[in-house]
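Notes follow the structure.
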Amino acid sequence: MAKKRILSVDDSASIRQMVAFTLETAGYEVVTANDGQDGLDRAKSTSVDMVITDLNMPRLSGIDMIKQLRTLPAFKFVPIVMLTTESEERKKQEGRAAGATGWIVKPFNPDQLLAVVKKLVS
Amino acid sequence: MAQAIDPANTFRQEAVELLAQLETTLLDLEKAPDDRGLVDTVFRALHTLKGSGAMFGWDALAAFTHHVETTYDLVRRNELKVSKELVALTLAAADHIRVLLDTPDQADKVRQNALLASFRDLAPGRASAPAKAAATAKPKAKTSSDDDARTFRIRFRPGRDIMQFGTNPLLLLDELRDLGTCTVTPITDAVPPLEEIDPTACYLAWDVVLTTKAPRSAIDDVFIFVADQSDLAIEEIPTDPEAVRERRLGEILVERGDAAPADVEEGLSRQERLGNLLVKSGKVSGDRVASALVEQQHVRGVAKSKEVTSSAATIRVPAERLDSLMDQVGELVIAQARLMQQAMSLADPLLKSISEDIERLASELRDTTMTIRMLPIGTLFGRFRRVVHDLSNELGKSVELATEGEETELDKTVIESLNDPLVHLIRNAIDHGVEDARQRQALGKSPTARVLLSAVHSGAQVLITIEDDGKGLNRAAIRAKAEEKGLLSPGQELSDTELFSFIFHPGFSTAAAVTSVSGRGVGMDVVKRTIDGLRGTIDIASTAGKGTAITLKLPLTLAIIDGLLIRVGGEIYVVPLAAVEECVELTREQDHRSAGRSFLNIRGEIVAFIRLRQLFEVEGEPEAIQKVVIVTFGEARIGLVVDQVIGQHQTVIKSLSRLHRDLEGFSGATILGDGSVALILDIPHLITFARDRETMQRAS
């Protein structure tokens, strides 16, 4: 079976690196984007099986990116997970309303990330 | 990249850049305090410092930055104005963050508290709560202290739009299955008529009974993302043997809130199956009753396994009793077939439903009886250690016997009949197959030869492999011997499979010297005959210098098989269903085209066929459209031309009388529902027959 491709959208290089390294080690293919706009462009140009996105990002926020992704036919059913901090309960609700599938609370470790990815990607 | 990836280093770099960006933005912000974009940039920089810092071990930095971030969140929400004081304070905070980044141990606590107090003073009454380390989606470590498995009832009705949020509910069910023993019942009552179905909506719900050692929180975690969009109920149910015996279907339905106690009472007062009754009366949906019954079964199973482990209930039964039980089950299956036939001809729905019940019970009884008769093959493998030991001493070779798959179960009769063939094959492997220690060393092999005996299940078959790491079969010697015996014309091209199959001919041995062990060509033909008798097959794979692997493919049981009934003329025959690949039609037109050649083109592949009418010398005109049953055996494939394909039949195998035992082409007989006898076709034999005929035609 082809490797599942996951899009990691984050303006923090260290998080992108950690997500990519963890998922690649576990056998996934990872595409990265630096902010919501970049993420949206990547999503339009390549097919992905899952999106992991930060919320606070320049140019286009994670929430707005999720909203726009969900209007694309190819992304109607793709799992989208947002990275939030514990203080962002409000954001979590907003993300859900925008169409996010789930969330991971920062700080998280590689095992927690993999557990969530496994839950959403077959 | 030779350098190991370390996100902590990346973060350090990133943080330095973010702090620089923070400073320039703050200076800009001082000049333009109302610029939303600048406020957002400051907030994001702080947010990333906090979030990523916490990820990679800068806890103090994350905690401190959290308070600064909270202040800017207020600014973002227009609850606080940007002032010169705020900017100055934030710049001071940035300096402190830099200290926390580089040398967290040397950070000045007093200064930090003073900074935080100043932030609080700027936004009185809005002081932020300290950052909690709680993580919602954290999969909890499974606690092993909870040794006893508990059983939960999980009723999961996902929201209609769940899939539009990217959730695949089947993956959640899979996750539950990973937690323990799991019985899943789909509830389809909400599925609308086809024309009203929205293909992107989820109409299904599931009832799950899960027995797991994982804590309750592990189940909650499975549903963490969907809990607020779904109807979800998770309850623990008791599984003590006592409690289980008490719980009837009605109680379960009432307990689950699917049926009212009064309805159950009413149902019980009328002596019929409660489930059927409740469904018929429309009070409870069929799915709900099925799901409750599943729970009853699941819980019974759990309780039973508890009981079993507590008493390790085994009883010894004489083997003859099992044999006679199997015979009786066979008779029952035959009687049931008669009942079915009668029910069909009378067209009485009540009789038919009774007959169907009995059919189901009979086939369950058959399966149970068969499992009782199963023995692990390890009992047989154990005997061969001695054989190998004695033989290797006698021949002066060093041989080690390894076994795999001892737990594989096979019918007791099959295991008993396997002893002699396996002894032959092991002797052959040690005598002919493996070299002696000196030769092996010269060849760079380990001086001790290895013979591997393994067994594995494959569908309705068991594969037993005898593998050695010796010199492999000698193709040239086999060919020479076959030519010498007139089995092969010189120069004839043969595949390995065909060539190797000569070693099963009686009196065929290529061994240079006759030893006391082997070399007289007695054995392999006996092996072949025994395996044929068990309706099994033999495959040989051999690589020169590397070794030989002989694989015996055996059916799980001998007594009852699934068969395909066919008719040729006025007679009915049985083809073992395991051998049937497909059934196709042979129209008169195709028949004419194939005239005399007896070949059929099936999707571009040429398949030889045998006309059973011809073979059995049936008089009269064949049907206009003849059917061809394509059967396979090993790699060979032929068509059997028949008049009619009737259908599947549970076939109880009866051996042929002494008079007919040597009849070729039939492996046994069975009794049909109307009491008549049908012969079971011996597919391997028919294939050989077809091949020989082909060779003869080719030769003539």
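Observations on the structure shown:
- Isotropically averaged projected area of the protein assembly as shown, using the convex hull of Cα atoms (one quarter of hull area), nm²: 51.9 nm²
- Direction-averaged projected area, Cα convex hull, segment B:560-699: 9.1 nm², rounded to one decimal.
- 0 to 90° range, to nearest 10: angle between helix B:683-699 axis and chain B longest Cα axis: 70 degrees
- Rounded to 10°, Cα long-axis angle of helix B:319-346 versus longest principal axis of chain B: 90 degrees
- Counting, for every residue in A:102-111, the Cβ atoms of other protein chains within 10 Å of its Cβ and taking the mean gives 6.
- Total formal charge among the other residues, if their Cβ is under 10 angstrom from that of B:Gln492, Lys/Arg +1 and Asp/Glu -1: -2
- Mean per-residue shielding of peptide A:64-76 is 1, counting Cβ atoms of other chains within 10 Å of each Cβ.
- Of the residues A:Met18, A:Gln93, A:Ser8, the one whose Cα sits farthest towards the positive end of the charge dipole of segment A:5-120 is A:Gln93 (charges of +1 on Lys and Arg Cβ, -1 on Asp and Glu Cβ, taken about the Cα centre).
- Simple rule: put +1 on each Lys or Arg Cβ and -1 on each Asp or Glu Cβ in segment B:376-555, find the dipole, and look at B:Ser495, B:Gly433, B:Val526; the Cα lying farthest toward the positive end is B:Gly433.
- Summed buried accessible area for B+A [probe radius 1.4 Å, Å², rounded to 100]: 3500 Å²
- Point-charge dipole on Cβ atoms (K/R +1, D/E -1) for chain B, about Cα centre, debye to 20: 1380 debye
- Karplus-derived HN-Hα couplings along segment B:149-158 (A = 6.51, B = -1.76, C = 1.60, θ = phi - 60°), whole Hz, x at Gly and Pro: 5, 10, 10, 10, 9, 10, 10, 10, 10, x
- Other residues lying with their Cβ under 13 Å from the Cβ of B:Arg288 contribute a combined charge of -2, Lys and Arg counting +1, Asp and Glu -1.
- Nearest 10 degrees, 0 to 90: helix B:349-372 Cα axis against chain B principal axis: 90 degrees
- If you take all other residues with their beta carbon under 12 Å from the beta carbon of B:Gly673, and give Lys and Arg +1 and Asp and Glu -1, the sum is -1.
- The GluC sites (Glu not before Pro) of segment B:47-94 meeting both criteria, a DSSP state outside H, G, I, E and B (loop) and at most 12 other C-beta atoms within 10 angstrom of the site's C-beta, are B:Glu79.
- √(5λ) per eigenvalue of the Cα gyration tensor, segment A:2-122, largest first, Å: 18, 17, 14
- Overall, the protein assembly as shown carries a charge dipole of about 920 debye about its Cα centre when +1 sits on the Cβ of Lys and Arg and -1 on the Cβ of Asp and Glu, all other atoms neutral.
- Sequence-distant residues sharing a close amide H with A:Ser8 (under 5 Å, placed H): A:Val31, A:Thr32, A:Ala33, A:Ile52
- Evaluated over chain B, the Cα radius of gyration and Dmax, each in Å: 38.2, 114
- When the listed pairs A:Lys106/B:Lys84; A:Lys118/B:Lys50; A:Lys4/A:Lys119; A:Lys92/B:Lys50; A:Lys4/B:Lys50 are checked against a 23 Å cut-off, the alpha-carbon distance exceeds it for A:Lys106/B:Lys84; A:Lys118/B:Lys50; A:Lys4/B:Lys50.
- When the inverse distances between all different Cα atoms of segment B:320-373 are averaged and flipped, the Kirkwood radius reads 11.6 angstrom.
The values are calculated or read from the model by the stated rules, or taken from the named source; none is laboratory data. This structure is a prediction, so every number in the text was calculated from the model and none was measured. Positions of Cβ are generated from backbone atoms using ideal geometry, with glycine treated the same way; all protein chains shown enter the neighbour counts. In case anyone asks, the SASA skips ligands and DNA or RNA and just uses the protein heavy atoms, side chains included. Shrake-Rupley method; radii C 1.70, N 1.55, O 1.52, S 1.80 Å.
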